[in-house]
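The values are calculated or read from the model by the stated rules, or taken from the named source; none is laboratory data. None of these values were measured; they are calculated from a predicted model. With ideal geometry, Cβ positions are generated from the backbone for all residues, glycine too; neighbour counts draw on all protein chains shown.
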Amino acid sequence: MTVIAHISDLHFGRDIPEVTQALLNCLDQLQPELIIISGDLTQRAKHQEFQQGMAFLRKLHQPRFIVPGNHDLAAYNLLERFLYPWQKWKQYVAADLQPIMQTDTFMAVGINTARRMGWYMDWSRGRINPKQIRYVQHMLQHVPADCLRIVVAHHPFWLPNSSMRRHLIGGREAALESFQAAGVDLILGGHVHLAYVQTLQGMLVSHAGTTTSNRLIQGQPNSFNIIRGDREVLKLEQMEWRGTTFVPVQQQIFKRAAGGWQAHGNL
Ligand SMILES: [Fe+2]
Ligand SMILES: [Fe+2]
């Protein structure tokens, strides 16, 4: 059985040290096969924040898998944002903005959905382009049938109605159609600072809230998710911060049927 921890939106610069330490303790106990971090490692993409983020990542005892978010692009230094948008990411975090990892039980493909700018006022919005869609399809084409297929992207492919002002990812329809054809099981993301799981076109969209930062939205404590299972049955557990530690608050079970993943109740 695969066990993966999914954390997100750590926002170093706005991190809560007590929560960060409790997360490290939880992950040490859990000992997942992989720790997925779905973007917004920093608050303002400053050197010091990347250094803090890396100090945290170095404390993880399991392999990590990280994609950037919109906050990992310089917000105020427009020269940096336009000319060298990912220089600091590459300097501190990883040369590859789109990691890939394959084991006997899963294949994870990371996509960088943050953009320097767009034809809209809100540059926090994200996008997946046709080249990235083809890339995901290509990487998944020879994956064994019993391997979980996971796509990690910072921006949301599904949003609850109450969060629609945060905008769905651009390029969504073409991407979902292609992901479905490629047999994607899980699409993991962050950005909204809201934890949720949703079945979508036979796939599961699962978001973690902000795991360690004080950039909280009302009624949404710090959170992260634990994914357990295989390509037949998946248990998605939501862990929430409750003042002194993270505690499990919800576990949802999904089973694969002919049309894809279907909810099979809560524990
Ligand atoms: Fe964020
Ligand atoms: Fe974000």
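List pairs: first in region 214-235 and under 21 Å from Val184 (Cα atoms), second among the aromatic types (Phe, Trp, Tyr) and at pLDDT 95 or above, Cβ under 6 Å, 6+ apart or cross-chain?
Leu234/Phe254
Filter region 206-225 down to the residues that are within 16 Å of ligand 2 (Cβ to nearest atom) and surrounded by fewer than 22 Cβ atoms within 10 Å (Cβ to Cβ) and list them by number.
Selection gives Asn214, Arg215, Leu216, Ile217, Gln220.
Being over 14 Å from His193 (Cα atoms), among the small types (Gly, Ala, Ser) and more than 19 Å from the chain's Cα centre (by Cα) narrows it down to one residue among Ala22, Ala5; which is it?
That would be Ala22, the only listed residue that is over 14 Å from His193 (Cα atoms), among the small types (Gly, Ala, Ser) and more than 19 Å from the chain's Cα centre (by Cα).
Is it fair to say Leu79 is at pLDDT below 95 and among the hydrophobic types (A, V, I, L, M, F, W, C)?
Criteria met by Leu79.
If you go through region 99-140 one residue at a time, how many are within 16 Å of ligand 1 (Cβ to nearest atom) and not in a strand (DSSP E or B)?
7
Against the condition assigned to a strand (DSSP E or B) and in contact (Cβ under 8 Å) with a residue 40 or more places away in the chain, how does Gln180 come out, does it pass?
In short, no.
Given the criteria crowded, with 19+ Cβ neighbours inside 10 Å and assigned to a helix (DSSP H, G or I), does Leu27 qualify?
yes
Pairs, please: C-beta under 8 Å, at least 6 apart or cross-chain, first residue within 19 Å of Gly189 (Cβ to Cβ) and in region 1-14, second buried (at least 24 other Cβ atoms within 10 Å of the Cβ) and of a type in the set (D, E, K, R)?
Ser8/Asp40; Asp9/Asp40; Leu10/Asp40; His11/Asp40
State all residues of region 49-98 that are part of a helix (DSSP H, G or I) and touching a Ser or Thr at 6+ places or on another chain (Cβ under 7 Å); if no residue qualifies, say none.
Glu49, Phe50, Gly53, Phe56, Asn70, His71, Asp72
Does any residue of region 173-184 turn out to be under 20 Å from Ala257 (Cβ atoms), surrounded by fewer than 23 Cβ atoms within 10 Å (Cβ to Cβ), touching a strand residue (DSSP E or B) at 6+ places or on another chain (Cβ under 6 Å) and modelled with pLDDT of 95 or more?
Among the residues of region 173-184, at least one is under 20 Å from Ala257 (Cβ atoms), surrounded by fewer than 23 Cβ atoms within 10 Å (Cβ to Cβ), touching a strand residue (DSSP E or B) at 6+ places or on another chain (Cβ under 6 Å) and modelled with pLDDT of 95 or more, which makes the answer yes.
Name every residue in region 209-242 that is touching a Gly at 6+ places or on another chain (Cβ under 6 Å) and closer than 14 Å to Ile4 by Cα, in order of residue number.
Correct list: Lys235 only.
Take the conditions closer than 20 Å to Ala208 by Cβ and at pLDDT 95 or above and apply them to Asp104. Does it pass?
no
Filter region 189-205 down to the residues that are small (Gly, Ala, Ser) and within 13 Å of ligand 2 (Cβ to nearest atom) and list them by number.
Across region 189-205, the qualifying residues are Gly189, Gly190.
Every residue, every condition in (1) in contact with a strand residue (DSSP E or B) (Cβ under 8 Å, 6 or more places away or on another chain); (2) away from ligand 1 (no atom under 16 Å from the Cβ), yes or no:
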{"site": "Ile4", "(1), (2)": "yes, yes"}
{"site": "Ser8", "(1), (2)": "yes, no"}
{"site": "Ile16", "(1), (2)": "yes, no"}
{"site": "Leu24", "(1), (2)": "no, yes"}
{"site": "Gln48", "(1), (2)": "no, yes"}
{"site": "Ala55", "(1), (2)": "no, yes"}
{"site": "Leu60", "(1), (2)": "yes, yes"}
{"site": "Ile66", "(1), (2)": "yes, no"}
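For region 135-166, enumerate the residues that are farther than 16 Å from Met107 by Cβ and surrounded by fewer than 19 Cβ atoms within 10 Å (Cβ to Cβ).
If the condition is that a residue be farther than 16 Å from Met107 by Cβ and surrounded by fewer than 19 Cβ atoms within 10 Å (Cβ to Cβ), then Pro160, Asn161, Ser162, Ser163, Met164, Arg165, Arg166 are the ones that fit.
Of the conditions (1) aromatic (Phe, Trp, Tyr); (2) in contact (Cβ under 8 Å) with a residue 40 or more places away in the chain; (3) away from ligand 1 (no atom under 16 Å from the Cβ), Tyr84 satisfies every one except a single condition; which number is it?
Result: Tyr84 passes all but (2).
For residues that are on the phi < 0 side of the Ramachandran plot and either within 16 Å of ligand 1 (Cβ to nearest atom) or more than 18 Å from the chain's Cα centre (by Cα) (or both), tally how many sit in region 207-240.
22
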